[in-house]
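Since the structure comes first, as structure tokens, the remarks are kept for the end.
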Amino acid sequence: MQGIIEQFAQSIRSAAEDAAPLCIRAGGSKDFYGGALAGAPLDVSAYAGVIEYEPGELILSARAGTPLAEVESLLAAHGQMLAFEPPHFGTHATLGGCVAAGLSGPRRPCAGAVRDFMLGVRMLDGRGRELRFGGRVMKNVAGYDVSRLMAGAMGTLGVLLDITLKVLPLPERELTLSYEMPESEAIAAMNHWAGRPLPISASSFHDGMLALRLSGAESALAAARARLGGEEMKNGDAFWRALREHEAQFFGTDAPLWRIAMKSSAPPLVLPGAQWLEWGGALRWYAGAADAQQVRGQAAAAGGHATLFRCSEKPVEVFQPLAPALLQVHRRLKRAFDPAGIFNRGRLYAEF
């Protein structure tokens, strides 16, 4: 594998000399996300395979090109999982793409985000240098936690090589409860339950139906079920998969799809089109014709921000424009890791 790394490094050095952009990708399952792809392709899919897995220590290390399905299959065989429940959006999803996109699934508010499980990375910077950050435990060094910085960076800071993650045991059992109620009542209910000692691992509201997933020991689920009421959903696993992978009919529309992160207790958004709520109301998917100013204005008023998640044409910045101080931080990070500005140019923001 060292030979492959050297090939990557040489491609990076050559591109940096010419200030020619490189498009880092493997399976391509997240090509739709972020700004338009640009630059000569740097295919990292050949750099794949699990390096080390210690079920007893809840630690897994794998190369960035490793198929995500392979990682999850290995973990499931030992009764474990990636607790942030990452979406695949295709059969060719890789571990590196999962980290670079930084997307988490329905379990995120209860278990944590991708970055919360990052222990360490090995990567190549914009000079072709091999760098290592983090290690095998959650707290091992002082200073900046660079490994977590890679989660959601969209490949703009470097080429991920090796990734070390903390994993968790699979729950003993899961069941999904459903309720019929209007959106305002669903938001209130989800926030009320979130403050109670209940084994909730996911929540969702769409088209008048609130769904609640419980995970844990049989006795805990029985007690929660008696307390919460509701109807048990027979196809609960399929429901959450369809939501996570955007296979539900709601996500099949041609309308622009927005991903809005906001205060979970915020009232319903007033936008023309359809919405689907997750994460106790803290994540709201919106599919409709409202323009960016209207969507982002309502998101900001509710203490959040909006991302143009999927759209055939992207006339505005995909990600929420940054405040001046935060923009300066991004610029300094980009200069430090990728001084020639060659990595995934325009995927995160137009200037980098």
Verdict on Q328 being open to solvent by 20 Å² or more (accessible area, probe 1.4 Å) and either closer than 27 Å to E185 by Cα or touching a residue at least 60 places away in the same chain (Cβ under 8 Å) (or both) = no
key: Any chance G128 is at pLDDT 95 or above and in contact with a Leu (Cβ under 8 Å, 6 or more places away or on another chain)   = no
message = Just to be sure before I move on: is Y53 open to solvent by less than 50 Å² (accessible area, probe 1.4 Å) and closer than 30 Å to D18 by Cβ in the structure I sent?
response = no
ask   = Of the numbered conditions (1) more than 17 Å from Q275 (Cβ to Cβ); (2) crowded, with 17+ Cβ neighbours inside 10 Å; (3) touching a residue at least 60 places away in the same chain (Cβ under 8 Å), D237 satisfies every one except a single condition; which is it?
value = (2)
key: Filter result for L131 (outside any helix (DSSP H, G or I) and surrounded by fewer than 21 Cβ atoms within 10 Å (Cβ to Cβ))   = yes
query = Looking at (1) touching a His at 6+ places or on another chain (Cβ under 9 Å); (2) over 19 Å from R108 (Cα atoms); (3) surrounded by 15 or more Cβ atoms within 10 Å (Cβ to Cβ), which is the only condition P256 fails?
reply = (1)
task = Quickly run through the range 1-36 and pick out the residues that are small (G, A, S) and not in a loop (DSSP other than H, G, I, E, B).
result = G3, A9, S11, S14, A15, A16
message = Here is a list: L82, L74, L22, L42. Which entry is more than 20 Å from G158 (Cα to Cα), modelled with pLDDT of 95 or more and open to solvent by less than 30 Å² (accessible area, probe 1.4 Å)?
response = L82
task = Give the range 285-313 a look and list any residue that's in a strand (DSSP E or B) and open to solvent by 40 Å² or more (accessible area, probe 1.4 Å), or say none.
result = H305, R310
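The values are calculated or read from the model by the stated rules, or taken from the named source; none is laboratory data. Model, not experiment: these values are computed from the prediction. As a convention, Cβ positions derive from the backbone with ideal geometry for all residues, glycine included, and neighbour counts pool all protein chains shown. All accessible areas refer to the heavy atoms of the entire protein, side chains included, with ligands and DNA or RNA removed. Shrake-Rupley method; radii C 1.70, N 1.55, O 1.52, S 1.80 Å.
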